[in-house]
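Here is the structure we will look at.
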Amino acid sequence: MAPDRIILGIESSCDDTAVALVRARPGEPVGEILASEVTGQDALHRLYGGVVPEIAARAHAERLDAVTAQALDRAGLSLAEVDAVAVTAGPGLIGGVLAGVMFAKGLAAARGLPLWGVNHLAGHALTPRLTDPVAFPYLLLLVSGGHCQFLAVEGPESFRRLGGTIDDAAGEAFDKVAKLLGLAQPGGPAVEVAATGDPARFGFPRPLLDRDGCDLSFSGLKTAVRRARDKLIAAQGGLSRVDIADLCAGFQAAVAETLAEKTRRALAAFPTATLAVAGGVAANRAIRDALASVATEGGAAFLAPPLRLCTDNGAMIAWAAAERMATGTPDGFALEARPRWPLDATAAPLLGAGRKGAKA
Ligand code: KG4
Ligand code: ZN
């Protein structure tokens, strides 16, 4: 039997510089995370109201060595004990992806290690198997600030996109709504805390429910929130605490209900034993509860990995490489950084990009 492998995973496709060490045991269904370090860049981008690609790339280039040293230290390992290097090779902000790929190539060359280029979305999509013995196939809803799509995960390199957002990602909509209402960024947690009011007061739309299939759209919903806000401000000169609570509750309920209904359809189109979620929006209690009920209704188990693994991290990148090791071959030094890299090359391109860079 093949020996255990220790994989160093590097993620730098957006605004988190992340490095992890994961042990994969042949025959074991799950991985062991030895260390997973994530250094965010919120403070660097806050002034600009969004991620600035050039600033992100520089910060990754400056920090990758220190974050890697930190991860090795946390795991109590030296580079000599690492068996393979895995790195996000796309999709994402090209400067950051390049910084990661170049750094990974340097490490692999220096230590004579195999180099694996990983699709960031494959990392998210395979995360449920990092922590739980989930069998293929399963349905994954990836719902974050940059991604929002349903994936049928059929194998380590076999993904079918069943639907996705045609404009904003759900997290992006939360962030924009927070901005509209003067709440803190990232907007998701701020909107969730504020969403204590009457969800029915404004009658916000449930986007695309009238259209078959499981594509999503959040841009119109965000506009509806803006209109309601502007009307209140015009009528009364500002927003009361109750207005904000009602606006947030209405928006959150619309997102939760829409995601739930589209998930119901995705499960009907692709009936499987497990519905898994990944992405920062999965932290939202109302959304999580709505998705869990849809899973129960459809006879599927509901799996939400721990939040630190739902959001961008290096462990998912190491694990996605581990999943491929049984059958695939490493990429080697010809590996290229790809700003756009659809997981499912057969699916029609989605119209939407996201606040956080190029999407698949
Ligand atoms: O996965 P993630 O950390 O980063 C990427 O987008 O790749 O997701 C971050 C997104 C942000 O848009 C944030 O507002 C949203 O997830 N988010 C939430 C909550 N926590 C984070 N959205 C709704 N409710 C939350 N509790
Ligand atoms: Zn991500």
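The values are calculated or read from the model by the stated rules, or taken from the named source; none is laboratory data. No experiment lies behind these values; they were computed from the predicted model shown. Cβ coordinates were reconstructed from backbone atoms using ideal geometry, including for glycine residues, and neighbour counts include every protein chain displayed. Accessible surface is based on the protein model in full, side chains and every heavy atom, while ligands, DNA and RNA are left aside. Shrake-Rupley method; radii C 1.70, N 1.55, O 1.52, S 1.80 Å.
So the values come out like this:
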{"item": "Breaking point among (1) polar (S, T, N, Q); (2) over 23 Å from HIS60 (Cα atoms); (3) touching a residue at least 24 places away in the same chain (Cβ under 8 Å), for THR296", "result": "(3)"}
{"item": "Count of the range 47-64 residues which are small (Gly, Ala, Ser) and more than 21 Å from the chain's Cα centre (by Cα)", "result": "1"}
{"item": "Residue match in the range 227-250 (condition: β-branched (Val, Ile, Thr), in a helix (DSSP H, G or I) and crowded, with 21+ Cβ neighbours inside 10 Å)", "result": "no"}
{"item": "Filter pass, GLU28 being among the charged types (D, E, K, R) and crowded, with 24+ Cβ neighbours inside 10 Å", "result": "no"}
{"item": "Residue within the range 258-272 that is surrounded by fewer than 22 Cβ atoms within 10 Å (Cβ to Cβ), aromatic (Phe, Trp, Tyr) and touching a helix residue (DSSP H, G or I) at 6+ places or on another chain (Cβ under 6 Å) present", "result": "no"}
{"item": "Every pair of residues 6+ apart whose Cβ atoms lie under 8 Å, when the first sits in the range 328-340 and is more than 9 Å from LEU115 (Cα to Cα) while the second is among the acidic types (Asp, Glu)", "result": "GLY328/GLU157"}
{"item": "Looking only at the range 323-360, and only at residues there that are in contact with a helix residue (DSSP H, G or I) (Cβ under 7 Å, 6 or more places away or on another chain), assigned to a loop (DSSP other than H, G, I, E, B) and at pLDDT below 90, the one that is surrounded by the most Cβ atoms within 10 Å (Cβ to Cβ)", "result": "ALA360"}
{"item": "Pairs, first farther than 10 Å from ALA195 by Cβ and at pLDDT 95 or above in the range 248-264, second open to solvent by 10 Å² or more (accessible area, probe 1.4 Å) and among the aromatic types (Phe, Trp, Tyr), C-beta under 8 Å, six or more apart", "result": "ALA254/PHE204"}
{"item": "Which numbered condition LEU139 misses (of (1) under 26 Å from CYS248 (Cα atoms); (2) away from ligand 1 (no atom under 15 Å from the Cβ); (3) open to solvent by less than 10 Å² (accessible area, probe 1.4 Å))", "result": "(1)"}
{"item": "Hits in the range 177-198 (condition: open to solvent by 20 Å² or more (accessible area, probe 1.4 Å), near ligand 1 (Cβ under 9 Å from one of its atoms) and free of Cβ contacts under 8 Å to residues at least 24 places away in the same chain)", "result": "ALA190, VAL193"}
{"item": "Sole residue being within 16 Å of ligand 2 (Cβ to nearest atom), buried (at least 19 other Cβ atoms within 10 Å of the Cβ) and within 19 Å of THR346 (Cβ to Cβ), chosen from PHE159, PHE174", "result": "PHE159"}
{"item": "Restricting the range 275-284 to residues that are part of a helix (DSSP H, G or I) and either open to solvent by less than 40 Å² (accessible area, probe 1.4 Å) or touching a strand residue (DSSP E or B) at 6+ places or on another chain (Cβ under 6 Å) (or both), the residue that is nearest to ALA194 (Cα to Cα)", "result": "VAL281"}
{"item": "Failed criterion for LEU77 (all others in (1) modelled with pLDDT of 95 or more; (2) more than 21 Å from the chain's Cα centre (by Cα); (3) in a helix (DSSP H, G or I) hold)", "result": "(3)"}
{"item": "Residue list for the range 285-311, filter: within 14 Å of ligand 2 (Cβ to nearest atom) and either assigned to a strand (DSSP E or B) or open to solvent by 30 Å² or more (accessible area, probe 1.4 Å) (or both)", "result": "LEU307, ARG308, THR311"}
{"item": "The range 39-58 - residue that is part of a helix (DSSP H, G or I), touching a helix residue (DSSP H, G or I) at 6+ places or on another chain (Cβ under 6 Å) and free of Cβ contacts under 8 Å to residues at least 60 places away in the same chain and, of those, farthest from GLY100 (Cα to Cα)", "result": "LEU44"}
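Table: residues versus (1) in contact (Cβ under 8 Å) with a residue 60 or more places away in the chain; (2) among the small types (Gly, Ala, Ser); (3) within 16 Å of ligand 2 (Cβ to nearest atom); (4) touching a strand residue (DSSP E or B) at 6+ places or on another chain (Cβ under 8 Å).
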position: ALA110; (1), (2), (3), (4): no, yes, no, no
position: LEU115; (1), (2), (3), (4): yes, no, no, yes
position: ALA122; (1), (2), (3), (4): yes, yes, yes, yes
position: HIS147; (1), (2), (3), (4): yes, no, yes, yes
position: GLY163; (1), (2), (3), (4): yes, yes, no, yes
